[in-house]
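The values are calculated or read from the model by the stated rules, or taken from the named source; none is laboratory data. Keep in mind it's a predicted model, so treat the numbers as computed, not measured. Glycine also receives a Cβ, built like all others from the backbone with ideal geometry; neighbour counts cover every protein chain displayed. Surface accessibility is based on the protein's heavy atoms, side chains included, excluding ligands, DNA and RNA. Shrake-Rupley method; radii C 1.70, N 1.55, O 1.52, S 1.80 Å.
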Amino acid sequence: MDFLKKESDNPNFDLWLDQLSERARSGDKLVWSFLYQAIREADSGRLSWGFHKRLLSGIFHMLSRIGDSQSYRLFINYVKSLDRTIPTGALELIGDLIPTFKEIDIDEIISISSLNDPFKSAFGIYALAQIVLEDRIPEEKIEQVKSFLRDYHNPSYYLDHLVERTLEFLERDNSDILAFVEQLAS
């Protein structure tokens with residue numbers, strides 16, 4: 001951990017994270033131990049977004065590259081356990097990465113979005129918006145997501161425009177989009 005903290009500006013840093021991701025995918029317990037330690041340190045504030053943003057963003061990218069249920073759980077549990085705010089850019093990054101996971105628990109994302117904590121709620125909305133934009137909402141959940149978004153309000157993070165845009169995307173006429181794509185292809 002200390003090595004990566006010090007070497008985050010090294011040109012090989014991204015390559016090292018890629019190699020660690022591959023080792024984690026193959027079940028390397030040492031790398032998983034490192035990931036759990038990094039998330040614990042981020043959660044406790046010992047790794048801060050202000051001083052270690054490249055390392056932390058790299059760790060979250062690693063988790064999304066791994067993309068399995070274990071990395072998803074670590075990712076989501078980090079957000080659920082946050083007891084302090086992190087920069088909005090970090091919040092957006094984490095939310096943007098959610099659709100990269102193979103299995104996403106939409107009910108859990110909605111549950112996080114429903115929390116009274118405006119910060120965690122904002123994360124849930126960023127994640128939900130990305131899931132919608134990536135067209136990863138199961139058909140049977142679309143009405144539930146629409147209903148939730150129609151009633152959503154979080155004045156702390158000015159998410160009204162994001163919520164409106166996400167609702168517009170959900171309520172679009174798919175036949176028009178297909179016609180548009182076919183028109184572009186011809």
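Scanning the range 72-87 for residues that are in contact (Cβ under 8 Å) with a residue 40 or more places away in the chain and either in contact with a helix residue (DSSP H, G or I) (Cβ under 6 Å, 6 or more places away or on another chain) or of a type in the set (Phe, Trp, Tyr) (or both) yields one hit, Val79. Please verify whether the range 103-112 includes one or more residues that are over 15 Å from Phe148 (Cα atoms) and either open to solvent by less than 50 Å² (accessible area, probe 1.4 Å) or small (Gly, Ala, Ser) (or both). Checking the range 103-112: at least one residue is over 15 Å from Phe148 (Cα atoms) and either open to solvent by less than 50 Å² (accessible area, probe 1.4 Å) or small (Gly, Ala, Ser) (or both).
When you look at Thr88, is it among the hydroxyl-bearing types (Ser, Thr, Tyr) and crowded, with 16+ Cβ neighbours inside 10 Å, yes or no? No; evaluated as a whole, the condition is false for this residue.
Looking at (1) assigned to a helix (DSSP H, G or I); (2) closer than 16 Å to Ser81 by Cα; (3) free of Cβ contacts under 8 Å to residues at least 12 places away in the same chain, which is the only condition Glu143 fails? Just one mismatch for Glu143, condition (2). Condition (residue is modelled with pLDDT of 90 or more, part of a loop (DSSP other than H, G, I, E, B), within 15 Å of the chain's Cα centre (by Cα) and of a type outside the set (Lys, Arg)) applied to the range 65-77: is it met by at least one residue? So far as the range 65-77 goes, yes, one or more of its residues are modelled with pLDDT of 90 or more, part of a loop (DSSP other than H, G, I, E, B), within 15 Å of the chain's Cα centre (by Cα) and of a type outside the set (Lys, Arg). Is one or more of the residues making up the range 51-67 open to solvent by 50 Å² or more (accessible area, probe 1.4 Å) and hydrophobic (A, V, I, L, M, F, W, C)? The answer is yes, given that some residue of the range 51-67 is open to solvent by 50 Å² or more (accessible area, probe 1.4 Å) and hydrophobic (A, V, I, L, M, F, W, C).
Taking the residues in the range 84-101 that are assigned to a helix (DSSP H, G or I) and closer than 13 Å to Leu56 by Cβ as candidates, determine which candidate is modelled with the highest pLDDT.
Leu97
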